[in-house]
Every structure is written in structure tokens, then in C-alpha cells.
1. Tell me the carbon and sulfur percent of the accessible area for region 126-244, rounded to whole percent, probe radius 1.4 Å.
2. Is region 78-202 best put as rounded, prolate or oblate by its Cα gyration tensor, with a ≥ b ≥ c the root eigenvalues, rounded for a/c under 1.5, and otherwise prolate when a/b is larger than b/c, oblate when not?
3. How many Å² of accessible area per residue for the chain, probe 1.4 Å?
4. Taking the Cα-to-Cβ direction at Leu122 and at Leu70 and moving 7 Å from each Cα, how far apart do the two end points lie in nm?
5. Straight-line reach only, C-alpha to C-alpha below 22 angstrom: list the lysines that Lys125 could link to, leaving out same-chain residues fewer than 8 apart.
6. Over the alpha-carbon set of region 162-202, work out the extent along each principal axis and list the three values in angstrom, largest first.
7. Give the longest segment of the chain that steers clear of GluC sites (Glu not before Pro) in DSSP loops with at most 12 neighbouring Cβ atoms within 10 Å, not counting the sites themselves.
8. Under the rule a/c < 1.5 gives rounded, and otherwise a/b versus b/c splits prolate from oblate, where does the chain land using the Cα gyration tensor?
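The values are calculated or read from the model by the stated rules, or taken from the named source; none is laboratory data. On a predicted model such as this, the values are computed, not experimentally measured, just so you know. Positions of Cβ are backbone-derived with ideal geometry, glycine not excepted, and every protein chain shown enters the neighbour counts. These accessible areas exclude ligands, DNA and RNA; they are computed on the full protein's heavy atoms, side chains included. Shrake-Rupley method; radii C 1.70, N 1.55, O 1.52, S 1.80 Å.
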Amino acid sequence: MGGTSKGERRTGLLNGFAAYGMWGLVPLFWPLLKPAGAVEILAHRMVWSLAFVGVALVVIRRWSWAGELLRQPRRLGLVAVAAAVITVNWGVYIWAVNSGHVVEASLGYFINPLVTIAMGVLLLKERLRPVQWAAVGVGFAAVVVLTIGYGRPPWISLCLAFSFATYGLVKKKVNLGGIESLAAETAIQFLPALGYLLWLGSQGNSTFTSEGAGHASLLAATGVVTALPLVCFGAAAIRVPLSTLGLLQYLAPVFQFLLGVVYFHEAMPAERWAGFALVWLALTLLTADAWRSARGARRPVDLPEVSRPASTRVDV
């Protein structure tokens with residue numbers, strides 16, 4: 001990143017804002033697809049996402065990764081796991097938004113970094129710094145408070161947070177670029193999704209053919225809505241530091257939360273505000289600790305040899 005010009009960094013920031021802004025505003029899109037149900041929308045999202053990334057790969061002529069992936073059964077199996085997990089994440093999120101749970105859905109992406117840290121400790125045996133432990137503890141307290149406030153555990157939030165954290169963990173092991181990864185995952189999703197849509201049509205329950213050209217166009221646009229933010233994110237990831245992307249990631253749930261409260265007028269009683277306040281406190285601790293650690297890592301160190309950091313490049 002040190003050799004990146006000011007113009008390149010500005011382009012990266014603009015792409016980062018665009019990516020997280022689109023992810024944050026996507027709750028405005030899913031209600032437009034009614035009367036289609038969440039499962040039908042999900043199936044269209046899978047089918048049209050593959051079509052979109054397929055065209056993108058043709059344009060940029062990037063296919064060599066596919067042959068390599070097919071020759072590696074373990075990586076291919078991990079891609080299948082990633083496809084299954086993101087299917088759950090997409091489906092729950094679409095259902096949550098169209099069922100009036102935008103605020104609870106936003107909470108899932110607020111607590112996602114805390115869940116990722118917890119999974120690192122439990123599954124990868126990572127060691128946490130004291131501030132990180134404090135952040136996880138505050139996050140757990142927030143879930144308890146929200147459970148009391150909702151009268152039940154915030155299942156939507158927890159499902160979104162754990163599914164997306166698992167997805168991130170699996171993708172890290174697969175190590176594919178953004179467009180390539182989405183292409184591989186949607187290729188696995190494609191046949192079941194297309195089969196469901198054909199069955200839905202044979203039963204006379206498909207809204208794609210019964211609600212007019214405008215509705216059909218919106219369903220087809222789910223591919224663009226899925227892939228375009230990912231393209232912008234990839235363009236940002238190669239131009240700005242990860243610490244900056246780490247801060248930008250909170251834009252999406254902030255926008256979602258504000259939409260839920262201000263636009264969709266979802267209820268926010270005092271105990272819910274208290275739970276969210278605890279989550280935001282945990283994220284503040286986590287972000288401050290990460291920022292301090294990143295600054296410390298950039299200082300000159302008087303050591304015989306300093307290992308080179310891993311590349312943060314994301315191919316798009």
C-alpha cells in the first residue's frame with residue numbers, strides 16, 4: 001500500500017464507500033420484489049448472479065482458475081460449503097427484511113466481527129489481547145440484554161452473524177478472488193435454484209412470469225445487486241489499507257439500522273437501545289484496539305529480520 005498514489009487511494013475509498021453503501025441500502029431493494037417470496041427471490045439471486053459474473057469473466061477473460069479448482073477436490077468441497085452457508089445467509093436476510101426485521105438483521109452484521117473473533121479462539125486457537133476479551137464480553141452482555149428485550153434470543157441476528165463468519169472462515173481457506181469465488185459458489189447453487197424456479201413455474205406459483213415485465217426485470221437485477229458491490233469492494237481492497245476497510249465495514253449495518261428505524265419505523269424500546277449501545281461499545285473497543293495494533297505494526301522495529309506481511313490484494 002505504501003506505493004499507492006493519492007489518486008489511487010481516492011479511487012479505492014470511493015469504491016469502498018460505494019460497496020458498503022450499496023450493501024447498507026439493499027433493504028430498500030428486497031421489498032420491491034414482492035409478491036415474490038423469500039425463497040423465490042433467493043433462487044433468482046443465485047441464477048442471475050451466475051449470469052452476471054459469467055459475463056464479467058468473459059469480458060475480463062479470466063478462466064484459468066476454474067480448471068485449477070476442479071483439479072483440487074478439497075478446495076472444491078470448501079467452495080460447496082461456502083455456497084451452502086451463504087445460501088442460508090442470503091435467505092435469512094431477504095426474509096428478515098421483507099418480514100419487518102431490518103433492525104434485527106443489521107444487528108447481525110454489527111456483531112459479526114465479535115463472532116469472528118470468538119470463532120478464531122474456539123476453532124483456530126487464537127490468543128486474544130485483553131481489550132479483545134473485553135469486547136467479546138460486552139458483546140455477550142449485549143446479546144443477553146437483547147434476549148430479555150425481545151423476549152427471545154435474537155435468532156435472526158445470530159444466524160446472520162454466525163453464517164457470515166463461517167463463510168469468511170471458509171473463503172479464507174479457499175483463497176479465491178471475489179469474482180471467481182462468487183462464480184464458483186453460484187455455479188454450485190445454480191442447478192438447485194433453477195430447478196426450484198422451474199418447479200415453481202410448473203405449479204403456476206412463479207411471479208416471474210405472472211407479474212409483468214417490470215417485476216421480471218427487478219428479479220433479474222438481483223444478479224447486479226449481488227455482484228456489483230463485490231466488484232467495488234475488490235477495487236477498494238487493492239487500493240486502501242485493511243485498517244481503513246475495517247472501519248468502512250460498519251457503514252453497511254449503520255445504514256441498515258437507520259433504514260429500519262427511520263424509514264421502516266421499526267420499534268426500538270429502551271431495552272433494545274441498551275442492547276445496541278453495548279454492541280456499539282464492544283465494536284468501539286475492538287476498533288480502537290485494532291487501530292492501535294496496526295499503528296504499532298507500522299513503526300520501525302529494531303529486529304534482525306521482519307517478516308513481510310501477507311498480500312491484501314483481491315483480484316477483480
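1. Carbon-and-sulfur percentage of accessible area, whole number: 69.
2. Verdict is oblate for region 78-202.
3. Per-residue value: 52 Å².
4. If labels sit at Leu122 and Leu70, their model points lie 3.8 nm apart.
5. Lys171, Lys172, Lys173
6. Cα extents, longest axis first: 40, 23, 11 Å.
7. Result for the longest clean stretch: 127-304.
8. Oblate shape, in that a/c is at least 1.5 and b/c is the bigger or equal ratio.
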